[in-house]
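The values are calculated or read from the model by the stated rules, or taken from the named source; none is laboratory data. The shown structure was predicted, so the numbers you read here are calculated from the model rather than taken from an experiment. Backbone-built Cβ (ideal geometry, glycine too); neighbour counts: all protein chains shown.
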């Protein structure tokens, strides 16, 4: 019986990690190929860009719920918080909060004993990641701090579940069944997402615009375009 239970738990971990990989793959394709997302990453976005960015990452948060595993209690083992965290880290508190609201409201509407705790944690995930962005003055968080942020947010998720779900025995069961998997999946997802953003290089047209802006800010003529593919305009370090 114990072996069967361990095998089932291991299978759930693998399933959630596979879902995380899907999210990261899609995110990588978007971050490296869509100009709108690049303009947000490189701080060159318009209001319209940010609106589309929020809508897109809000859908990613919803997607993170749907690819989760629904437990008998109605709780969902998921990676819903991943999109708001990434959004907050690259766009700031307003962007993170907006994406978190989309994912959180959707989760709340699905109902279940954990709906309030889960919805609130998703909103806070985006807001807290955005506050980190504000605290480090728009720089991109490093990989290890990003992983630790993911861990902290999922621990907060578990704490909210223990605080808001009744009866308490049900809350403990839900936390023990879901949060360890989510801590690992979301924190690794954040770390991989940061690696992707660090390695993202602007498309040629955006790169030239960044160089022109930097040249103007320095009171100099923009440097001519070269084949150097450095991450101009992307702040932050590993």
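So here's what we get for this one:
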| quantity | calculated |
| --- | --- |
| Considering residues of the range 63-91 that are closer than 14 Å to residue 22 by Cα and in a helix (DSSP H, G or I) only, the residue farthest from the chain's Cα centre (by Cα) | 66 |
| Residue among 94, 99 that alone is part of a helix (DSSP H, G or I), modelled with pLDDT of 95 or more and surrounded by fewer than 24 Cβ atoms within 10 Å (Cβ to Cβ) | 94 |
| Residue within the range 33-52 that is within 12 Å of the chain's Cα centre (by Cα), modelled with pLDDT of 80 or more and farther than 14 Å from residue 185 by Cβ present | no |
| Entirely in the range 130-233, the helices (runs of 4 or more DSSP H) that have 3 or more residues that are modelled with pLDDT under 90 and more than 20 Å from residue 60 (Cα to Cα) | 168-199, 204-217 |
